[in-house]
Amino acid sequence: MKTKFLTVALLVATMASMNAQERTTHQSNAGIKGGYSLAAVSFDGDGETGQRHGFHVGVYGESFISDNFSIQPELMYSQQGYEIKDGGGTFTQKLNYINLPVMLKAYPSENFFLEAGPQIGLAISHKEEYDGLFGGSREYDPNNLDWGMNFGGGFKTNSGISLGVRYHLGLGDLYDEGKARNRVWQFSVGFDL
């Protein structure tokens, strides 16, 4: 009986020791990320425009403040804007931003993360296009500054490759009149350097 008890105790102690050695603590890191964006605009809270397809790319630095929480500032180039289709054609507003999100990330498990945080953006270019039967153009002058909140989550491997999805809820008005606000879905791949 004592032999069985000692064998089981030794087996449990060995497994616990191996499990403790396999655990890794998160380390601060920096990297690059990029991916696909679906951008739209909400006008006066009455619904969203059609989506503009684009991309985003940039750099990040992740600093752990505890085993399960980190702060991740980013510097990103992001193609945003929207499309409106009517009987005469399609109007496309192309807005390109330099965005600075600062994300608080929580790791409920070793590789899965949730994130939320504020973002400010500076519009570096805008262009309007109208494809229609009668041609012509419309000109809108958007505000240069945008701000809002981001919410997302993802998966990060032990080798530093991450897959994430994020939603940007713009809170700043895109134009001086009306309440036009950015709405952006981003699907990203990141690589720690």
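Observations
- Net lengthening on full extension, F155/D141 (0.36 nm per residue, minus Cα-Cα): 1.2 nm
- With a simple spin-label model that places each label point 7 Å from the Cα along the Cα-to-Cβ direction, the separation between A116 and L169 comes to 0.8 nm.
- The modelled label-to-label distance for the pair W185/L100, using points 7 Å beyond Cα in the direction of Cβ, is 3.0 nm.
- Counted charge near I71, where neighbours are those whose Cβ lies closer than 13 Å (Asp, Glu -1; Lys, Arg +1): -2
- Computed extension gain for S28 through L193, at 0.36 nm per residue and net of the alpha carbon distance, reaches 58.3 nm.
- Between D86 and F55, the simple label model (points 7 Å from Cα in the Cβ direction) yields a spacing of 3.3 nm.
Read-outs throughout are calculated quantities, based only on the coordinates presented, and are distinct from any laboratory measurement. If you're wondering where the values come from, they're calculated on a predicted model, not measured in any experiment. With ideal geometry, Cβ positions are generated from the backbone for all residues, glycine too; neighbour counts draw on all protein chains shown.
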